[in-house]
């Protein structure tokens, strides 16, 4: 099992529950622990501490599961062999759930003159940047497509507004949100309308179908793809995404991502599956989709082990919580199926949904790590 994000954790947990010691699962990840995407925002905006949101893989205790802290250096899908800096591993089944790597250096000037907030380290560092910010022009922008967790830039702009208001800096500041999408959340018109209304209410300037290609560090301006420029005092950027190098070199990719059967998550190599952000399956790059895909793969592996029909298929359903500021959260459920337009259901923002979101997180940590947890520490 390559990768211990939503997909890897769900798959290894479910296989352990169903098969216990009858299965030998090797779970490989280079990170120290798992961090929810929304926990990065909690740290950024001072609502909790970094140590409170890192769920360390050393704490994983599931029958049949061995966690290996290692960097994957090569993948041979034909042999189902993985080379790491901790040794070589062979398997009967391989599941690739390594997500998308983030590359701030791919956008000229971002490392030198901006703040990226999508990596764990970047989000934790952004906490200090925001704490020291004394007001001015804030630009929240996406630098390439595709990018994971599509609502996060909108959430960030809204939370920046709340932060500046709380510190008495909002009247002396501007906030611009720059995204390559025509709507904040294209699969959900209702969610997009709610966000656009929130932007208008808070005087957040929305720039659709626009992408930042670089930053001019000396002049403190963001360079826009159409040749225009946008001055800033604080630039919060979503960096370029790509598959990990070992995946790119493995022969699994087509046009930059791993193609899979949309129903079974099988790749073109026998007994090799891929789930989550590393794939081109057509759903948003978000952990909830990886989790649901991993559950399907686990069901199929269990059926195979028991010599039963492998009937589980992926239904394309995902639920996203959307923080809109003022301590309110909206909820969006969207189904993506091949050849069909996305079907969505939107629940309007409320304080009650904040508790629903907290329970979502608590239930995953209880299931995967066997302990209670609060997303605000």
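The residues of the stretch 112-126 that are out of contact with any strand residue (DSSP E or B) (no Cβ under 8 Å at 6 or more places or on another chain) and surrounded by fewer than 17 Cβ atoms within 10 Å (Cβ to Cβ) amount to a single one, 121.
In the set (1) within 24 Å of residue 100 (Cβ to Cβ); (2) assigned to a loop (DSSP other than H, G, I, E, B), the condition left unmet by residue 168 is number (1). For the stretch 90-148, a tally of residues being modelled with pLDDT under 95 and either closer than 30 Å to residue 300 by Cα or not assigned by TED's automatic domain parsing to the domain that holds residue 221 (or both) returns 3. Within the stretch 243-270, being crowded, with 22+ Cβ neighbours inside 10 Å, under 18 Å from the mean Cα position of the chain (by Cα) and assigned to a loop (DSSP other than H, G, I, E, B) holds for one residue alone: 243. When 90, 42 are checked against the criterion of being surrounded by fewer than 21 Cβ atoms within 10 Å (Cβ to Cβ) and either without any contact (Cβ under 8 Å) to a residue 12 or more places away in the chain or farther than 23 Å from residue 268 by Cβ (or both), a single residue qualifies: 90.
With the structure loaded, tell me whether residue 180 is within 21 Å of the chain's Cα centre (by Cα), within 24 Å of residue 160 (Cα to Cα), crowded, with 22+ Cβ neighbours inside 10 Å and in contact (Cβ under 8 Å) with a residue 12 or more places away in the chain or whether it fails that test. Criteria not met by residue 180.
Residue under question is residue 307, and the condition is that it be at positive phi and not in a strand (DSSP E or B); does it hold? Considered against the rule, which asks whether it is at positive phi and not in a strand (DSSP E or B), residue 307 comes out as yes.
Can you say whether residue 73 is closer than 30 Å to residue 237 by Cα, in a strand (DSSP E or B) and touching a strand residue (DSSP E or B) at 6+ places or on another chain (Cβ under 9 Å), as far as the supplied structure shows? Yes, satisfied. Within this structure, residue 136 passes the test of being more than 23 Å from residue 6 (Cβ to Cβ) and either in contact with a strand residue (DSSP E or B) (Cβ under 9 Å, 6 or more places away or on another chain) or crowded, with 20+ Cβ neighbours inside 10 Å (or both). Report yes if residue 200 is in contact (Cβ under 8 Å) with a residue 60 or more places away in the chain, over 21 Å from residue 285 (Cα atoms) and surrounded by fewer than 19 Cβ atoms within 10 Å (Cβ to Cβ), otherwise no. Here the answer is no, as residue 200 does not meet what is asked. Which ones in the stretch 211-242 are closer than 13 Å to residue 141 by Cα, without any contact (Cβ under 8 Å) to a residue 40 or more places away in the chain and part of a loop (DSSP other than H, G, I, E, B)? The answer is 225, and nothing else. Considering 276, 318, the condition of being at pLDDT 95 or above, within 30 Å of residue 160 (Cα to Cα), touching a helix residue (DSSP H, G or I) at 6+ places or on another chain (Cβ under 6 Å) and not assigned by TED's automatic domain parsing to the domain that holds residue 194 is satisfied by 276 alone. When the stretch 19-35 is filtered for residues that are surrounded by fewer than 21 Cβ atoms within 10 Å (Cβ to Cβ) and in contact with a helix residue (DSSP H, G or I) (Cβ under 8 Å, 6 or more places away or on another chain), the ones remaining, listed by number, are 19, 22, 23, 31, 32, 33, 35. What number of residues in the stretch 273-289 are surrounded by 22 or more Cβ atoms within 10 Å (Cβ to Cβ) and within 24 Å of residue 78 (Cβ to Cβ)? Count: 8. When the criteria are applied in full, residue 31 meets the requirement of being in contact (Cβ under 8 Å) with a residue 12 or more places away in the chain, assigned to a loop (DSSP other than H, G, I, E, B), assigned by TED's automatic domain parsing to the domain that holds residue 301 and within 26 Å of residue 281 (Cβ to Cβ).
The values are calculated or read from the model by the stated rules, or taken from the named source; none is laboratory data. Predicted, not measured: the structure shown is a model, and the values here were computed from it. Cβ atoms come from the backbone with ideal geometry, glycine included; neighbour counts cover every protein chain shown.
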